Amino acid sequence: MTTLYTADRCPYAARARIALAEKGLAYDAVEIDLSDRPAWLYGKNPLGRVPVYEEDGGLVLPESVVIMEYLEERYPEPALWPADPAERALGRLLLERFDDLLGDAYYAVRRGEPREQLDGRLAELDRVLEGRQHLSGREYGLADIGYVPWILRALDRFDVDLGPALDDWLERLLARPAVAAEREVVAAL
Ligand SMILES: N[C@@H](CCC(=O)N[C@@H](CS)C(=O)NCC(=O)O)C(=O)O
């Protein structure tokens, strides 16, 4: 059996949860108390962070993007990268620049800083989505999964306003059971 060391409140772990659900893969979820982490977690990830994905055969993978990419290569169906190489590249660019495009602004609000920068980032994402259905283009995929955990949490915690294109994108994503399940996780935090 596969194991995911995870935490409900962790949006990085949510990326792995959503990707696993989209692939229809069963796994044992081991919830980690991030305020009192077990020492053995550092044996699986020297940084002591979740998510960590582990297979019976011995493969141990930290880092949410690495886990998502591995799942995509190991279990190609259903595909979570678009067929078009340019759209894939665009999706990877969005994951690569996640901190600049959303993450840093989100965590600034978590630290109690004003929401202005986060509102600006959300407006940028709204503009990106004006011209496309999904973050990397025409098809749903890892770029969407890479961003939606923070959008769900920003709505729940900071009551942010989403522009119309971002709002439509979220509606499309929430029609997917894997993303709807993550909204339930957030609602129960
Ligand atoms: N780059 C990592 C970030 C993971 C991360 O920061 N996880 C947080 C919880 S959301 C954590 O474990 N924090 C504990 C720590 O940083 O010590 C990834 O993408 O998986």
Give 60, 30, 109 a once-over and let me know the one that is modelled with pLDDT of 95 or more and closer than 22 Å to residue 154 by Cβ.
109
When you go through 110, 88, 74 one by one, which is the residue that is more than 15 Å from the chain's Cα centre (by Cα), within 13 Å of the ligand (Cβ to nearest atom) and open to solvent by 10 Å² or more (accessible area, probe 1.4 Å)?
110
Which residue, of 13, 7, is touching a Ser or Thr at 6+ places or on another chain (Cβ under 8 Å), in contact (Cβ under 8 Å) with a residue 12 or more places away in the chain and either open to solvent by less than 70 Å² (accessible area, probe 1.4 Å) or within 16 Å of the ligand (Cβ to nearest atom) (or both)?
13
Checking residue 25 against (1) closer than 19 Å to residue 185 by Cβ; (2) within 15 Å of the ligand (Cβ to nearest atom); (3) open to solvent by less than 50 Å² (accessible area, probe 1.4 Å); (4) aliphatic (A, V, I, L, M), which test does it fail?
(2)
Being surrounded by 13 or more Cβ atoms within 10 Å (Cβ to Cβ) and within 10 Å of the ligand (Cβ to nearest atom) is the filter here, so list the residues in the stretch 30-52 that pass it.
32, 34, 37, 41, 45, 48, 49, 50, 51, 52
Any residue in the stretch 72-84 that's part of a loop (DSSP other than H, G, I, E, B): show its pairings with residues that are open to solvent by 60 Å² or more (accessible area, probe 1.4 Å) at Cβ separation under 7 Å, as long as the two are six or more apart or on different chains.
81/88; 82/88; 82/138; 82/139
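The values are calculated or read from the model by the stated rules, or taken from the named source; none is laboratory data. Just so you know, these numbers come straight off a predicted model, no measurement behind them. We place every Cβ from the backbone using ideal geometry, glycine too, and count neighbours over all the protein chains shown. Ligands, DNA and RNA are excluded from the accessible area calculation, which covers all protein heavy atoms including side chains. Shrake-Rupley method; radii C 1.70, N 1.55, O 1.52, S 1.80 Å.
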